[in-house]
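The values are calculated or read from the model by the stated rules, or taken from the named source; none is laboratory data. It should be emphasised that the depicted structure is a prediction, and the values quoted were computed from it without experimental measurement. Using ideal geometry, Cβ is built from the backbone for each residue, glycine included, and neighbour counts are taken over all protein chains shown. The accessibility values were calculated without ligands, DNA or RNA, using every heavy atom of the protein model including side chains. Shrake-Rupley method; radii C 1.70, N 1.55, O 1.52, S 1.80 Å.
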Amino acid sequence: MMDACARKGYKARMDGLLATLRQRCDDFLKPSDGVLIACSGGPDSQCLLDLFGRLHKDMPSRRLLAVGINHGLRSEAGEELDLAEQLAQSHDIPFLRRTVNVSKNGNLMANARRARYQALRDIAQAHSVSIIALGHTATDQAETVLFQLARGTGSHGASGMSILRGNRFRPLLGFTREEILNYVRRQQLPTAADPSNADPTFTRIALRQNVLPYLEAAIPQAVK
């Protein structure tokens, strides 16, 4: 069990998620920017959606739209997006979903990512929303850098993700996946687990399971 100091630090860190989102919206977005929140029903996006919902109570003037993309690869995907839709509705955030066609030729994860981003861009444009918010974390950042280095990319390619690049907004960078999971448990948010996120036949997942734990053990702040 955590002692009193540890509990206080933990609560401050969790409360810091909402404060960070508020600050990053102020720092990186214009007041007129509408935000499309990309949703999957997974812990990261449920955390992001809940934070935006809580923030929306203080900043109701900012237009929000939650969007779930079904890649058509798993029968469970529709039920997973139901979780996101229910959470969005609890915060009075409009929710849309779209099914995309993903090519099975070549890199399946890359194909799904391209199809997802294209659909998000199309929906954002159709609804005059300028920003696409994504639930990437510090852990995703570390995995991205490791993945790029494993591919032999140069220093520019291994620089990782930015909080804002183009119209892609990643306000959770700086928080680890474990901190996101702690928030989800604390808020008792329903979440879904995509089995592909544990499949080591994908290079990124193999790095997550076999390399990143050693890096974190050797350099505890490596994913911050």
(message) Out of the residues in segment 178-198 meeting the condition of being outside any helix (DSSP H, G or I) and of a type in the set (A, V, I, L, M, F, W, C), tell me which one is modelled with the highest pLDDT.
(response) L189
(message) I need the full set of residues from segment 87-118 which are within 17 Å of A193 (Cβ to Cβ) and modelled with pLDDT of 95 or more, in order please.
(response) L87
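So which of L73, L81 ends up being open to solvent by less than 60 Å² (accessible area, probe 1.4 Å) and among the aliphatic types (A, V, I, L, M)?
Details: L73 fails: open to solvent by less than 60 Å² (accessible area, probe 1.4 Å).
Answer to the check: L81.
Can you tell me which residue is surrounded by the most Cβ atoms within 10 Å (Cβ to Cβ) among those in segment 112-127 that are of a type outside the set (A, V, I, L, M) and within 18 Å of the chain's Cα centre (by Cα)? Outline the logic, then answer.
So the first thing to find is which residues in segment 112-127 are of a type outside the set (A, V, I, L, M), and the list is 113-114, 116-118, 121-122, 125, 127.
Right, trim to within 18 Å of the chain's Cα centre (by Cα) and you get 113-114, 116-118, 121.
Values: R113: 13, R114: 14, R116: 19, Y117: 16, Q118: 12, R121: 15.
The qualifying residue surrounded by the most Cβ atoms within 10 Å (Cβ to Cβ) is R116.
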